[in-house]
Amino acid sequence: MTGVVDPVPPHPAATITAGPPPSLRTADWSEIHGLFALDPGAIHLNSGTVGAMPHAVLDAVDRVTRQWAGGLGDVYPPGMYPDHRAAIAKAYGVDQDEMVITHNATEGVARVIHGLDLHAGDEVVTTTHECYSVLSNFNLLRNRFGIKLTTITLPTGYDVRAEQIIELFEAAITPRTKVLAFAGITLFTGTKLPMRALCELAQRHGLTTVIDGALLPGMLDLDMRAIGADFISCSGSKFQCGPLGTGLLYVRNKIHPEYNPLPLPRFWPIISTWYPMKGSPPPRTRTSLESDNMGDYLQSAGSASIARGAGLATACALWDEIGRDRIERRIMLLAEYARYRVAERFGRDAMYSPGADRVLKSPLIAFHPFRRPEDAWNVKKIHEFTMRLQREHRLFTRWTEFDVPGSPHQHYASRITTHIFNDFDEIDKAVDIMAGLAAEMS
Ligand SMILES: Cc1ncc(COP(=O)(O)O)c(C=O)c1O
């Protein structure tokens, strides 16, 4: 399996600066690597599952846990995280009333899905490439209320184009469709969906949009409002490198017509101790001024882990200091290099991730490592490959499973992910190790 691949950026030599950097904004990447509590000798290419925590985040969690350990304070006000939410919201171009600190992407998306005003016969369009957390919750609504779920199987491979994906969504919409739900970046093939274009499509049909944004924060320099979605549920512990058990949820809570002119959807903030105990909240706003704080309704859900919230806020503040634009460029540059090396070594036909359309590229790269095509549906083999990479080489990757259009089998791929604590030499080493082991196992 060989093929022609796009020109690659050269392997850049690390720039060494003398003395301490004036700030993280100008620190070189080897210094930024030192911020992370990484396991020495291991190669971490699995931020799509969990990132590496910076030492400052670990310190914040530890310090705040100890501060509250005596049990003499009122734990409820700090659990609303008003300041953390305001700071994090600002970094993502939104306001405090639109931002919630959740326990993870799964919890956030479940609270959104079960808070939507859906009834028997209403239709939801989504994809078979969604996380289990999305599909299982919509399926629960199907069983409980009789909604209809339409699942598109996304195309896979190096040459997939954004227009193909938009056309598939458009063809699945019917007069009964109420919701479009999709991952910002799919976890199985690392396809970055054309989020803005899909939200515009949804808006043309008057639909509510739910984005599973688990992989987005900490990777992309996002203006969440400009995407035009109603809800974006994110993980805090993947690319954002906050503590495990943290997430972010964006909820559209006012109308900025340039991004989304539709009225705010009817929404029921489940699990809330702030939602009125009698009567109804004020009607939802029709302007760019909020009528109510939907973020507070969702945030107030009993006692919270004050320390984990502080840890996530610390990670976000570090990212702001390094520069989110700079972080995105670095991650994507490393990914471009990794994609090139994987395609060169395993062949372009082995790639499940897009590589030709700039819009669809992400730092998650999924590919078939073995020589025989039929090994793509051999779950035992891909599992063994991934485990041996870990055990024998301390190389941390993961395998994924997904439908492929026209194939009677689920396919299994090896997946690597690049982050700012990785470097070009690690990628070279990882590709050599994976090629060697795959040849041995083929
Ligand atoms: C696209 C996607 N959605 C949702 C999740 C679940 O994330 P969390 O563990 O934060 O709930 C994952 C985890 O890998 C993911 O990749």
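The values are calculated or read from the model by the stated rules, or taken from the named source; none is laboratory data. Fair warning: this is a prediction, and the values are worked out from it, not measured in the lab. Cβ coordinates were reconstructed from backbone atoms using ideal geometry, including for glycine residues, and neighbour counts include every protein chain displayed. Note: accessible area is taken over every heavy atom of the protein model, side chains too, but ligands, DNA and RNA are not part of it. Shrake-Rupley method; radii C 1.70, N 1.55, O 1.52, S 1.80 Å.
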Within segment 263-289, considering residues that are out of contact with any Ser or Thr (no Cβ under 8 Å at 6 or more places or on another chain), hydrophobic (A, V, I, L, M, F, W, C) and assigned to a loop (DSSP other than H, G, I, E, B), the one most open to solvent (accessible area, probe 1.4 Å): Met277
Single residue of Ala172, Ala183 found to be away from the ligand (no atom under 13 Å from the Cβ), modelled with pLDDT of 95 or more, assigned by TED's automatic domain parsing to the domain that holds Pro282 and more than 16 Å from Met99 (Cα to Cα): Ala172
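Conditions (1) within 16 Å of the ligand (Cβ to nearest atom); (2) assigned by TED's automatic domain parsing to the domain that holds Glu328; (3) open to solvent by 50 Å² or more (accessible area, probe 1.4 Å); (4) modelled with pLDDT under 95, marked per residue:
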{"site": "Pro20", "(1), (2), (3), (4)": "no, no, yes, yes"}
{"site": "Leu35", "(1), (2), (3), (4)": "no, yes, no, no"}
{"site": "Gly41", "(1), (2), (3), (4)": "no, yes, yes, yes"}
{"site": "Leu45", "(1), (2), (3), (4)": "yes, yes, no, no"}
{"site": "Leu58", "(1), (2), (3), (4)": "no, no, yes, no"}
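Can you name the residue in segment 236-247 that is of a type outside the set (Phe, Trp, Tyr) and within 20 Å of Ile322 (Cα to Cα) and, of all such residues, is surrounded by the most Cβ atoms within 10 Å (Cβ to Cβ)? I'd like the intermediate steps shown before the answer.
First, pick out the residues of segment 236-247 that are of a type outside the set (Phe, Trp, Tyr): 236-238, 240-247.
Pick out the ones that are also within 20 Å of Ile322 (Cα to Cα) and you get 236-238, 240-243.
On the way: Gly236: 32, Ser237: 26, Lys238: 27, Gln240: 25, Cys241: 29, Gly242: 34, Pro243: 21.
Taking the candidates together, the pick is Gly242.
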Cβ-Cβ under 7 Å pairs, at least 6 apart or on other chains, segment 68-81 side in a loop (DSSP other than H, G, I, E, B), far side at pLDDT 90 or above and open to solvent by less than 60 Å² (accessible area, probe 1.4 Å): Val75/Ile306; Met80/Asp296; Met80/Gln299; Met80/Ser300; Tyr81/Ile101; Tyr81/Gln299; Tyr81/Gly309
Qualifying residues in segment 314-359 (those that are closer than 30 Å to Glu374 by Cβ and among the small types (Gly, Ala, Ser)) - the one surrounded by the most Cβ atoms within 10 Å (Cβ to Cβ): Ser353
Selected residue [crowded, with 20+ Cβ neighbours inside 10 Å and touching a residue at least 24 places away in the same chain (Cβ under 8 Å)] from Gly295, Gly302: Gly295
Where Gly218 falls short, out of the listed (1) at positive phi; (2) open to solvent by 20 Å² or more (accessible area, probe 1.4 Å): (2)
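Would you confirm whether or not segment 205-213 contains a residue that is assigned by TED's automatic domain parsing to the domain that holds Asn104, open to solvent by less than 10 Å² (accessible area, probe 1.4 Å), within 11 Å of the ligand (Cβ to nearest atom) and touching a residue at least 40 places away in the same chain (Cβ under 8 Å)? Break it down stepwise before answering.
Within segment 205-213, the subset assigned by TED's automatic domain parsing to the domain that holds Asn104 is 205-213.
Keeping just the survivors that are open to solvent by less than 10 Å² (accessible area, probe 1.4 Å) gives 207, 209-211, 213.
Narrowing the set further to residues that are within 11 Å of the ligand (Cβ to nearest atom) leaves 211, 213.
Pick out the ones that are also touching a residue at least 40 places away in the same chain (Cβ under 8 Å) and you get 213.
Scanning segment 205-213, I find at least one residue that is assigned by TED's automatic domain parsing to the domain that holds Asn104, open to solvent by less than 10 Å² (accessible area, probe 1.4 Å), within 11 Å of the ligand (Cβ to nearest atom) and touching a residue at least 40 places away in the same chain (Cβ under 8 Å), so the answer is yes.
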Condition met for His393 (closer than 19 Å to Thr49 by Cβ, over 19 Å from the mean Cα position of the chain (by Cα) and not polar (S, T, N, Q)): yes
Single condition Leu118 does not satisfy, out of (1) under 30 Å from Phe145 (Cβ atoms); (2) of a type in the set (A, V, I, L, M, F, W, C); (3) within 21 Å of the chain's Cα centre (by Cα); (4) away from the ligand (no atom under 16 Å from the Cβ): (3)
Selection within segment 60-105 - open to solvent by 70 Å² or more (accessible area, probe 1.4 Å) and touching a helix residue (DSSP H, G or I) at 6+ places or on another chain (Cβ under 9 Å): Asp62, Arg63, Thr65, Arg66, Gln67, Trp68, Asp83, Lys90, His103
Residue match in segment 110-121 (condition: assigned to a loop (DSSP other than H, G, I, E, B), open to solvent by 40 Å² or more (accessible area, probe 1.4 Å) and more than 27 Å from Phe169 (Cβ to Cβ)): no
Residues satisfying the stated conditions in segment 195-204, i.e. open to solvent by 10 Å² or more (accessible area, probe 1.4 Å) and either assigned to a strand (DSSP E or B) or of a type outside the set (D, E, K, R) (or both): Met195, Ala197, Gln203
